[in-house]
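Engineer: Have a look at this one.
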Amino acid sequence: MGFSQQGDDRLSAVYFMEGSQVSRQMRTSEFDAFLDGYVGLSDLAETEVYAVYVQLTDQLGIEGLVFFRIYFDEEGRADGQWNVPLDRLADGGAKGPDLGGGPVRLVCRSHCPEKRFVEELWDPDMTPGSNHFQAIRKAVAENRLRLRPRKPEPPSGSDIPVLNPQSEQAAKPPVSDSAERARLAQMIREYRLRIRTLKSVHRDAMAEIRREHSHEIQSLRSEMQELEQRFERLRLSNEQLKQRLAERNEQYLGLQEQLTEASHNSAESSQASDAETVLLREQLERKQRELEMRNDQVVQLEQERDAWARQEPADDALMRHIQDQSLFMVAYHPGVGHITLPYDDLNRYFDNPQAYAAEKCGVSEQAYRLWLAHHDDPTCQAETDDGPCGEPLMRIGQPGEFKPGVHDRCQAHQA
């Protein structure tokens, strides 16, 4: 097991990521040892690691990145079925951000030259403050693996003309339009990469929310099923109690008949008949008390049955559970960040999320929508004969600072 190499002379490394930081570094030879099962990592047992394969130039510049995932089993050994050709993928990567030596070759979930490996990859985060590319560039610059840069081979021949600094400066051509176009093209590629990664992060977050919601719904369904079973048991118990109550009533009527017959006995009844009458009265009183207790139980069971029958659907029960437990929801919107949604605001938020976010920003909904379009695509929106101008602009970070017609227009098209 391992990943394909094009030669042992290529400089490369593998970084393990934890959040937005590099948590562990190793040379590719060490990583191959983990893949071959010679050694394990006990601290990573039963863990899926997010890692980056870094291709380096002879001068330790970054030229290729592959963002991949790998699972370590309960003994801390790498998954025996894992076999991703990292080096080959890096050679075929798309143009990524400029990390100091020109655009790197990038391979991630959104940019994979071989679709069969998409599920083994992940998308980096480019959010300011948690940018994976910045963390990788910093780790390469620190060079804790002590990788040695290689000296370039001297050109052949001894008669090499040497230019003085003044003549060399004079020989440099001025910056051309093609260079400016290349710079703008690189900027556009970085913006597109950032948009794809943000969409991927959003898609993963929504998938996680859907999974949690599905688990919660399943739990509520199980609870509802258990309540239905309990209700069925109560119903059967209620029927049994009614049957027993009917039998008690029959016994009560029989005792009343016996008491009536005893009261009509001759005045010459003996002391024994008087004792029997007293006994019958005591039995009658005891049966009456039991009947009253049974009646109370029947009333209570019927009340419980009615309460279960009037129980609201599972979705309303879920919302009431959220309200009773004082839970809250959190939403994210550009310009205002994470918003805590109290229970009383949920209906208003779901009716119009952007209007709710605009209110939190202190602007109108229309102004917020115009700023959001600028935030997602900070380019000049002026219409020309060939369509929108499209000149890249500086993004305005806050909706309250955005002025339509000014901040979404280049200098040439501002009113």
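The values are calculated or read from the model by the stated rules, or taken from the named source; none is laboratory data. Note that the coordinates shown come from a computational prediction; the quantities given were computed from them, not determined experimentally. So basically every Cβ, Gly included, is an ideal-geometry build from the backbone, and we count neighbours across all protein chains shown. For accessibility, only protein heavy atoms count, side chains too; no ligands or nucleic acids. Shrake-Rupley method; radii C 1.70, N 1.55, O 1.52, S 1.80 Å.
Engineer: Where the second residue is small (Gly, Ala, Ser) and assigned to a strand (DSSP E or B) and the first is not assigned by the TED database to the domain that holds Leu44 and lies in the stretch 73-97, which pairs have Cβ atoms under 6 Å and are six or more apart or on separate chains?
Structural biologist: none
Engineer: A further question on this structure: Give me the residue from the stretch 333-359 that is surrounded by 15 or more Cβ atoms within 10 Å (Cβ to Cβ) and over 23 Å from the mean Cα position of the chain (by Cα) and, out of that set, nearest to Pro399 (Cα to Cα).
Structural biologist: By that ranking, first place goes to Ala358.
Engineer: Just one of (1) outside any loop (DSSP other than H, G, I, E, B); (2) surrounded by fewer than 17 Cβ atoms within 10 Å (Cβ to Cβ); (3) in contact with a Phe, Trp or Tyr (Cβ under 9 Å, 6 or more places away or on another chain) trips up Leu89, so point out which.
Structural biologist: Result: Leu89 fails condition (2) only.
Engineer: Follow-up question, since we're still on this one. For residues in the stretch 111-123 being in a loop (DSSP other than H, G, I, E, B) and out of contact with any Ser or Thr (no Cβ under 6 Å at 6 or more places or on another chain), which is farthest from Gly397 (Cα to Cα)?
Structural biologist: Glu114
Engineer: Further question on the same structure: Out of the residues in the stretch 24-65 that are modelled with pLDDT of 95 or more and aromatic (Phe, Trp, Tyr), state the one that is farthest from Pro103 (Cα to Cα).
Structural biologist: Selected residue: Tyr50.
Engineer: Answer yes or no: is there a residue in the stretch 398-413 that is over 20 Å from Ile195 (Cβ atoms), open to solvent by less than 50 Å² (accessible area, probe 1.4 Å) and out of contact with any helix residue (DSSP H, G or I) (no Cβ under 8 Å at 6 or more places or on another chain).
Structural biologist: Yes: one or more hits.
Engineer: So how many residues does the stretch 70-86 have that are more than 17 Å from Leu11 (Cα to Cα) and open to solvent by less than 20 Å² (accessible area, probe 1.4 Å)?
Structural biologist: 6
Engineer: Also, I was wondering about something else. With the condition kept exactly as written, say whether any residue in the stretch 388-395 is modelled with pLDDT of 85 or more, in a loop (DSSP other than H, G, I, E, B) and loosely packed, with under 12 Cβ neighbours inside 10 Å.
Structural biologist: yes
Engineer: Continuing with the same structure: Any residue in the stretch 17-43 that is assigned by the TED database to the domain that holds Arg144 sitting within a Cβ distance under 7 Å of a residue that is among the acidic types (Asp, Glu) and open to solvent by 80 Å² or more (accessible area, probe 1.4 Å)? List the pairs, counting only those 6 or more apart or interchain.
Structural biologist: Gly40/Glu75
Engineer: Moving on to the next point. Would you be able to say whether some residue in the stretch 147-167 is at pLDDT 85 or above, part of a loop (DSSP other than H, G, I, E, B), more than 19 Å from Gly96 (Cα to Cα) and in contact with a Lys or Arg (Cβ under 7 Å, 6 or more places away or on another chain)?
Structural biologist: Looking for residues that are at pLDDT 85 or above, part of a loop (DSSP other than H, G, I, E, B), more than 19 Å from Gly96 (Cα to Cα) and in contact with a Lys or Arg (Cβ under 7 Å, 6 or more places away or on another chain), one finds none in the stretch 147-167, hence no.
Engineer: Can you name the residue in the stretch 92-117 that is basic (Lys, Arg) and closer than 21 Å to Asp204 by Cβ and is also most open to solvent (accessible area, probe 1.4 Å) among such residues?
Structural biologist: My answer is Arg116.
Engineer: Right, another one. Kindly provide the set of residues from the stretch 360-387 that are part of a loop (DSSP other than H, G, I, E, B) and open to solvent by 50 Å² or more (accessible area, probe 1.4 Å), ordered by number.
Structural biologist: Gly362, Ser364, Asp377, Gln381, Asp385, Asp386
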